[in-house]
There are 2 protein chains.
Amino acid sequence: MGSEVRTGSTWAKSAISHCAAWLVAAVVLAGCAGLPATDPLPSWNEGATKAAIVKLVSDTTRGGGSDFVPPAERIATFDNDGTLWTEHPMYVEVLFTIDRIKAMAANNPSWRAEQPFKAVIEGDREAMAKFTEADFFKLIAATHAGLTSAQFQKSAADWLAVAKNARFNRLHTELVYQPMLELLAYFRANGYKTFIVTGGTLDFVRSFAEKAYGVPPEQVIGTSFEAKYAFTNGVASVVAEPKLMLLDDGPGKGVGIDHYIGRVPIAAFGNSDGDLAMLQTTTNSPQSKSRPRLAAFVWHTDAVREYAYDRDTHVGRLDQGLTLAPQLGWLLIDMKKDWKVVFPYELKP
Amino acid sequence: MGSEVRTGSTWAKSAISHCAAWLVAAVVLAGCAGLPATDPLPSWNEGATKAAIVKLVSDTTRGGGSDFVPPAERIATFDNDGTLWTEHPMYVEVLFTIDRIKAMAANNPSWRAEQPFKAVIEGDREAMAKFTEADFFKLIAATHAGLTSAQFQKSAADWLAVAKNARFNRLHTELVYQPMLELLAYFRANGYKTFIVTGGTLDFVRSFAEKAYGVPPEQVIGTSFEAKYAFTNGVASVVAEPKLMLLDDGPGKGVGIDHYIGRVPIAAFGNSDGDLAMLQTTTNSPQSKSRPRLAAFVWHTDAVREYAYDRDTHVGRLDQGLTLAPQLGWLLIDMKKDWKVVFPYELKP
């Protein structure tokens, strides 16, 4: 491959002569970056978990070190439900979907006689408890079908602005994890691109990810639907169809990372068996050995401040992962032990 | 949506006190950025085309201006074939596919009796001239199926290291357009993320895009195949299947931008009717009006230095686009008139 990216040499020379100060500035900035920051992760207790994370970031960004990773390869991926925000007692997108299906029922009269819609509209908890994954995706697909991304995102944002978690009586976007917000910011401050790799739908998570996490839409990878492009009366639109394109959960997270990122992450954070493929991809791909890698589960051990669950839960089950973690050298982030605070509002006076 | 990204205030204070110089540096850098650079696009002739591009970038990055675009929204998208590199006499990936199918024939003896493989193996130009799009995708899919991204990319990189364009007797990666390399660098220097949105396959274009264009894999959107994740003997892998997932051409480019970027580009560059949806999405989405937008075709008008073709060609046909451009205010980049040089090697002594 012959060519390298070149900019005009005249322009380059001009930039240097006009801006000799730039070099001074760069040296000053490099000096800043090199200073040991007091604590980039103030909501994390000291211990092996925090030390391992700080070591990875330090090792991969120390110029001249054997573990140095060029900025272009600095990729960190994060699951959303249970890793960045609370997923109990139920995934937030499922709560949204139920409310949305009810709101859409008036315009879809046939749903009153058709499962799984009928059960949702009637609030039939017994029938809903028996829903299969296919039932849920039929409901979720119905909330997207016929809408553009912008239209769906508005419906999600409107709901998120008012819907609250029943136990905490807080907006769902208030139930993001403060230590994970710090972790996202810490990676980004060290030149990492932070990606969300979620089983939720692209547009549900994009509706709040930039504001809540600082993650732009192009760095959200999620479950997606087939869509149709049209140019009608001078207006371009992409409208979702009720047919899955990528189920970005479980093995699908391996496919999602391959298609959307095309590079093995340096670090990956999940909390359930739905994240196994993401963590395996990070530490056990053929390319993994070339760089330091870190994979970790947020382990829900704190029934008082949040929830305690792992092997036996139906939402965010962590069973195979707890067995695999010690075998593959994955970290367990013990919520109770490792986190000083859980939610951002705990920091407010 | 309640929460904003927060880092620990202790850390923030420390960073400020240790690095008061940072502020000085930032001011110096801002001053540099504000200087009129001598010429960021030295291979472009002066004229309306260059002026329109420079105006867009200036307007969208001038702090306090009414057309200012926040960095997170600065997205520029580029088609590849015919926009960033030469696509005549034939798309490079098609040339690769033909060579690759021939190389794979020994291990696939059944292909000798099966179209479209038979025609390729026998070099039957008459039969190949009648290939449908479905035939081509059957061939392209066969070059990917059963391989991981890394394995496919190696096969492509090995081929690109030696295969040459017949007319110019140059590697294909030497036949990238110098003015477009400058344009990519110019956008990036002004805080834009540059994306490739190609009808070629994800992994073919990723095999050279970072080195040739400075575009990392996560900013390449292309035609993709369904894939299967596996974790076998402690090794994670994603293997392609011979089934299209996204045909990222024509209307598919609208879907690709929606799924992979999730934001309307500020600027888009194509060269054929296959790029209509990308350009329409840029200038004619409901969100388009909120910001300045620019859409342009590279118009192949230079039979001496490269090729001249538009309405009548079979490769990279620009027909509807030439009609739509004046109606929708799209630029035509006239290769003969607007470009001082075409290829980077013309600059070498």
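The values are calculated or read from the model by the stated rules, or taken from the named source; none is laboratory data. Note that the structure is predicted; figures quoted are calculated from it, not measured. Please note: Cβ atoms are built from the backbone with ideal geometry, for glycine as well, and neighbour counts cover all protein chains shown. We work out accessible area using only protein heavy atoms, side chains counted, and drop any ligands, DNA or RNA first. Shrake-Rupley method; radii C 1.70, N 1.55, O 1.52, S 1.80 Å.
Some points to look at:
- Residue check for A:Glu226: facing another protein chain (nearest Cβ under 9 Å), over 14 Å from the mean Cα position of the chain (by Cα) and not aliphatic (A, V, I, L, M): yes
- Filter pass, B:Pro292 being without any contact (Cβ under 8 Å) to a residue 24 or more places away in the chain and more than 18 Å from the chain's Cα centre (by Cα): no
- Counting only residues that are more than 19 Å from A:Asn45 (Cβ to Cβ) and assigned to a helix (DSSP H, G or I), the range A:303-336 holds 9 of them.
- Among the residues of the range A:272-296, those identified as of a type in the set (Gly, Ala, Ser) and more than 23 Å from A:Asp81 (Cβ to Cβ) are A:Ser285, A:Ser288, A:Ser290.
- Subset of the range B:96-113 (residues that are over 23 Å from B:Leu247 (Cβ atoms) and surrounded by 11 or more Cβ atoms within 10 Å (Cβ to Cβ)): B:Lys102, B:Ala103, B:Ala105, B:Asn108, B:Trp111, B:Arg112
- Residues of the range A:207-234 satisfying the condition of being open to solvent by 20 Å² or more (accessible area, probe 1.4 Å) and closer than 17 Å to A:Leu147 by Cα: A:Glu226, A:Ala227, A:Lys228, A:Tyr229, A:Ala230, A:Phe231, A:Thr232
- Qualifying residue in the range A:133-143 (condition: at pLDDT 95 or above, crowded, with 22+ Cβ neighbours inside 10 Å and either facing another protein chain (nearest Cβ under 9 Å) or outside any helix (DSSP H, G or I) (or both)): no
- Yes/no for A:Ala212 being within 16 Å of A:Ala142 (Cβ to Cβ) and either within 7 Å of chain B (Cβ to nearest Cβ) or touching a Pro at 6+ places or on another chain (Cβ under 6 Å) (or both): no
- Scan of the range B:235-294 for residues that are under 27 Å from B:Phe68 (Cα atoms), at the interface with chain A (Cβ under 7 Å from one of its Cβ atoms) and open to solvent by 40 Å² or more (accessible area, probe 1.4 Å), ordered by number: B:Arg263, B:Pro286, B:Gln287
- Failed condition for B:Glu46, given (1) assigned to a helix (DSSP H, G or I); (2) of a type in the set (D, E, K, R); (3) modelled with pLDDT of 90 or more: (1)
- Residues in the range B:210-243 that are without any contact (Cβ under 8 Å) to a residue 24 or more places away in the chain and of a type in the set (Gly, Ala, Ser): 4 in all.
- Checking each residue in the range B:50-92 for being among the hydrophobic types (A, V, I, L, M, F, W, C), farther than 30 Å from B:Trp159 by Cβ, in a loop (DSSP other than H, G, I, E, B) and more than 14 Å from chain A (Cβ to nearest Cβ) picks out only B:Phe68.
- Residues that are more than 9 Å from every other protein chain (Cβ to nearest Cβ) and in contact with a Ser or Thr (Cβ under 6 Å, 6 or more places away or on another chain) were ranked within the range A:154-187; the one that is farthest from A:Phe208 (Cα to Cα) is A:Phe187.
- Residue within the range A:199-207 that is out of contact with any Ser or Thr (no Cβ under 7 Å at 6 or more places or on another chain), more than 7 Å from chain B (Cβ to nearest Cβ) and over 20 Å from B:Arg263 (Cα atoms) present: no
- Per-region count, the range A:300-315, residues in contact with a helix residue (DSSP H, G or I) (Cβ under 8 Å, 6 or more places away or on another chain) and either surrounded by 24 or more Cβ atoms within 10 Å (Cβ to Cβ) or touching a residue at least 60 places away in the same chain (Cβ under 8 Å) (or both): 2
- Conditions (1) open to solvent by less than 20 Å² (accessible area, probe 1.4 Å); (2) more than 8 Å from chain B (Cβ to nearest Cβ); number of the one not met by A:Asn190: (1)
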